[in-house]
1. What residues have an amide H closer than 5 Å to that of Tyr368, excluding those fewer than 5 places away on the same chain, when H is modeled at 1.01 Å from N in the peptide plane?
2. Going through the DSSP H helices of the chain, which span 18 Å or more along their own axis at the Cα atoms while scoring at least -1.0 as a mean Kyte-Doolittle hydropathy?
3. Provide the net charge surrounding Asn407, with neighbours chosen by a C-beta distance below 13 Å and charges set as Lys +1, Arg +1, Asp -1, Glu -1.
4. Under a crude label model (7 Å from the Cα following the beta-carbon direction), how far is Thr375 from Lys290 in nanometres?
5. If one puts a single equal scatterer on every Cα of the chain and applies the Debye formula without solvent, what log₁₀ I(q)/I(0) results at q = 0.07 Å⁻¹?
6. Rolling a 1.4 Å sphere over the protein heavy atoms, what is the accessible area per residue of segment 96-269, to the nearest Å²?
7. Full extension from Gln45 to Glu391: what is 0.36 nm times the residue separation minus their Cα-Cα distance, to one decimal in nm?
8. Based only on Cα atoms, what Rg/Rh ratio does segment 1-98 have, Rh being taken as Kirkwood's radius?
Amino acid sequence: MKDWARSIDAGEWESLAREHGTPFYAYDAKVLHDRCNDVSLAFSQAEVRYAMKANACPAVLDAIRAEGFGIDAVSAWEARFALERGFAKDEVLYTGNFPSDDELREVAGMGLIVNLDALSALDRYGAMARGAKVSIRVDLEEGAGHHPHVVTAGDESKFGLTLDVLDEALAIIARRGLRLVGLHQHVGSGLSTDEHREVWLRAATGLFDVALRVERATGPLEFVDVGGGFGVGYREDERTVELASWGSALERARIERWPDPKRRPALWIEPGRYLVAECGVLVTRVSTIKRARDRVWIGTDAGMHSLIRPAMYGSYHPVYAPRPRAGASERCFIVGPICESGDVLAEERTMPVPDEGDVLIIGVAGAYGYAMASTYNLRARPAELFFERDEWKVVRERERYEHVTGNGV
Ligand code: LLP
């Protein structure tokens, strides 16, 4: 784990907290750029479609666009927002999962490539968008992820078109006059072990084979999209995955299958977490310290409504005080103000007990942090600050009472 936030001194965090209130997310443009660079180097032959579900902060999207990346959007409003931030139509892929007719109609109006994984969805979309470009998301029964909730292929998964109905899907596409331009899959999220890498590569090369089969049946494809999923290190001693070997193995497999570069479909990848996780931290203040039995409960003004990953997946995020207190380390549980016992940000951390009022930093929170925040218990979602060219900017204000309650809307 590389944590840029540790290089910011306690006084600066304190003054930001005083000026903007807590909790807030803080992002660093340089770290975001460095991670984009890693991906560009490791997958030099690929076009990147950033999975904006991980973090749709407008400043993050603008920085991603400046890298020359496109967007993987999974809702009509993600797609709409990407277009509004200046991404071109052909840089945005919409992937629908159990989409309603209203949603399909909305994306049809945007003229994007639409990626679908159910016969019914292809048929309904075809009825409203004859001649449109589509892609099929397939399920090759190769799933993996950091938690069962984020495995997106295989038996237990609601995603992907299974190969037994692929021919039927091609028939629907032909009958509806749609144009099949791509194939897609996504194995799952938070892939960090050697075993995960093997699953990912097996699935990606498997997808190449399906693409060859489809090309023989219906003609050349424009792209093959092998999804995202690359993990990052969350624990202090954990390293972020070395992507170079993923990229080179994938490229070898691609060249083997399409020796003629003129006939080779473009390669697309969809990283989310890898690009944005490390550039973000959640900054919070200790509100209440409580000692009970052998535990020290450290209550903060952030909670599962600000960062749900620990509560939802048991995920680990590093937590530290920029101004550590002297004194013996104790067994601490860092929790929020929400009325649920699952409202935990960090369990069993041995650390010196902070004082009430101290600032705490929750690290590696740039991916699926703000994006999954809620207004549960009528609490505001945090503000978002972006550090670029030696300057902090508020890029999203903390929600106010009116936003959270809908009062006066
Ligand atoms: N493409 C598709 C179609 C996806 O569904 C996802 C993530 C991605 C790309 C990007 O995956 P990534 O590179 O970020 O692993 N909330 C969970 C993660 C859910 C991921 C859902 N799909 C978490 O906080 O761990």
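The values are calculated or read from the model by the stated rules, or taken from the named source; none is laboratory data. The model shown is predicted, which means the values in this text are computed figures rather than measured ones. Cβ sites come from the backbone with ideal geometry, for glycine too, and all protein chains shown count toward neighbours. To get the accessible areas, we keep the full protein, side chains included, count just its heavy atoms, and leave off ligands, DNA and RNA. Shrake-Rupley method; radii C 1.70, N 1.55, O 1.52, S 1.80 Å.
1. So Tyr368 has HN proximity to Asn55.
2. On the way: long enough: 29-42 (20 Å, -0.06); 194-218 (35 Å, -0.30); 244-257 (20 Å, -0.69).
Span-like helices, by this rule, are 29-42, 194-218, 244-257.
3. On the way: positive: Arg400; negative: Glu399, Glu402.
Residues near Asn407 contribute -1 overall.
4. Here the modelled spin labels are 2.7 nm apart.
5. So the normalised log intensities are -0.35.
6. Values: 7710 Å² over 174 residues.
Averaged over the residues of segment 96-269, the accessible area is 44 Å².
7. Details: separation 346, 0.36 × 346 = 124.56 nm, distance 3.41 nm.
Extra length from Gln45 to Glu391 when fully extended: 121.2 nm.
8. Details: Rg = 16.0 Å, Rh = 15.2 Å.
With Rh from the inverse mean 1/r over Cα pairs, Rg/Rh is 1.05.
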